[in-house]
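Chemist: Mind having a look at this structure? Questions to follow.
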Amino acid sequence: MKDVMTKIICFANNKGGSGKSTTASCVGVELARLGKRVLLVDCDGQMNLTLSCFSEEEVFSFVKEKKSVFDALFEGRTEEEVTVATADEGLYMIPGSPRLCDVELRLAASPDKDAVLSRFLAGIAARGFYHAILIDAPPTLGAWVRGALRSSQFLVIPVEASPWGLYGLANMLEFCAEVAKQNEDLTLLGVAVTKADERKKYFKQTMENLRALKGVRVFETYIHVDSHVEWAQENSRPVTVWAPRCRAAEEYRKLAKEIWKYAGR
């Protein structure tokens with residue numbers, strides 16, 4: 001029997017370095033702490049989301065044991081065979097794989113390339129076990145990311161508060177609007193500002209430019225530059241777990257609640 005209505009949220013930006021993986025992992029662990037059952041899905045061949053919760057040794061073992069979204073979609077592995085529990089209660093993950101780096105070539109030969117991922121995730125959502133499925137998409141705008149958006153109900157775009165942070169955002173918004181024609185359930189939930197430094201003049205300009213976008217929510221909570229984030233990455237833990245009292249951890253905690261306020265309705 002269906003337990004909950006699963007919400008699928010994709011974290012995507014075609015510009016690298018925007019904080020997608022960090023945001024997805026921190027939001028995921030904080031939703032789990034709120035009593036939600038959360039599945040993280042690492043769709044990026046760089047595997048940063050996986051590395052945010054597991055050591056390199058553990059990640060290498062996942063690759064060897066074929067525990068990844070790639071193996072589920074293209075090697076016939078089942079959901080149960082590729083899903084791993086994290087150290088945080090209520091938080092699960094389907095790891096990424098280096099083989100995702102050439103996933104576009106795989107999809108090129110598929111007649112329904114946009115639906116490969118969506119069918120798989122729809123099956124997971126239909127069980128009603130997870131309250132949320134969070135997808136970390138790679139910084140591209142190809143068929144793979146299109147499939148991730150077709151799988152989702154909501155899109156969160158992390159944007160770095162830097163002079164180059166807004167580059168490509170217009171393309172991302174246009175891409176989202178295009179996919180929404182195929183997936184009427186897809187909604188742009190909002191833009192999450194990361195790596196903010198209010199001492200810099202460009203921060204104010206970045207925020208003004210974002211808030212001037214019509215029909216685009218900019219989350220009230222933004223994430224400041226904080227060295228604890230890098231140290232948490234070094235230790236393969238979300239910063240909200242590794243340094244729970246640091247500034248970024250507090251902000252990610254608030255951002256998770258803000259995201260769920262809109263997505264969890």
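Chemist: Run the paramagnetic zone check for residue 5: 7 angstrom along Cα to Cβ, then residues of region 240-262 with backbone nitrogen under 16 Å.
Modeler: 260-262
Chemist: Okay, next question. For residue 34, project a label point 7 Å along Cα to C-beta. Then give me every residue of region 227-261 with its amide nitrogen under 13 Å of that point.
Modeler: 252-261
Chemist: If you don't mind, there's one more thing I want to ask. Return the sequence-ordered ³J(HN,Hα) values of region 224-232 in whole Hz as given by the Karplus equation 6.51 cos²θ - 1.76 cosθ + 1.60 applied to θ = phi - 60°, using x for Gly and Pro.
Modeler: Whole-Hz 3J(HN,Hα) from phi for region 224-232: 7, 4, 8, 5, 4, 4, 5, 5, 5.
Chemist: Of all DSSP beta bridges in region 1-136, what percent run antiparallel (nearest 5)?
Modeler: The answer is about 10 percent antiparallel.
Chemist: How high is the relative contact order of region 27-87? Use alpha-carbon pairs under 8 Å, at least six apart in sequence, and give a whole percent.
Modeler: Dividing the mean separation by the residue count of region 27-87 yields 23 percent.
Chemist: 5 Å is the cut-off here: which amide hydrogens, built 1.01 Å from N in the peptide plane, fall below it relative to residue 217, excluding neighbours closer than 5 in sequence?
Modeler: Those lying under 5 Å, H to H, from residue 217 are 191.
Chemist: Remind me, relative contact order of the chain in percent, using alpha carbon pairs under 8 angstrom and six or more residues apart?
Modeler: Value for the chain: 27 percent.
Chemist: Using each residue's phi in region 136-144, evaluate 6.51 cos²θ - 1.76 cosθ + 1.60 at θ = phi - 60° and report the 3J(HN,Hα) Karplus result to the nearest Hz, with x for Gly and Pro.
Modeler: 9, 8, x, x, 9, 10, x, 5, 5
Chemist: I would also like to ask the following. Keeping all protein chains in the complex and leaving out DNA, RNA and ligands, what accessible area do you get for residue 202 with a 1.4 Å probe, in Å² to the nearest 10?
Modeler: So the heavy atoms of residue 202 present about 80 Å² to solvent.
Chemist: For Rg and Dmax of the Cα atoms in Å, one of (1) 20.1, 73; (2) 17.2, 54; (3) 19.2, 72 was computed from the structure I shared and the rest are decoys. Which label?
Modeler: (2)
Chemist: Give 36/67; 15/36; 67/181 a once-over and call out the pairs whose C-alpha atoms are over 25 Å from each other.
Modeler: Exceeds cut-off: 15/36; 67/181.
Chemist: P(r) for region 55-156: what percent of alpha-carbon pairs falls in each 5 Å bin, starting at zero?
Modeler: Percent of Cα pairs in each bin: 2, 11, 22, 26, 21, 13, 3, 0.
Chemist: Return the FRET efficiency for the residue pair residue 182, residue 66: r is the Cβ-Cβ distance, R0 is 35 Å, and the value is rounded to the nearest 0.05.
Modeler: 0.70
Chemist: Tell me which residues come under 5 Å, amide H to amide H, from residue 39 once H is placed; ignore anything under 5 positions away on its chain.
Modeler: Long-range HN contacts for residue 39: 92, 132, 133, 134.
The values are calculated or read from the model by the stated rules, or taken from the named source; none is laboratory data. Keep in mind that this is a model prediction, so the values were computed, not measured. Because the Cβ atoms are built from the backbone with ideal geometry, glycine has one as well, and the counts that use them run over all protein chains shown. The area values use the complete protein model at the heavy-atom level, side chains included, leaving out ligands, DNA and RNA. Shrake-Rupley method; radii C 1.70, N 1.55, O 1.52, S 1.80 Å.
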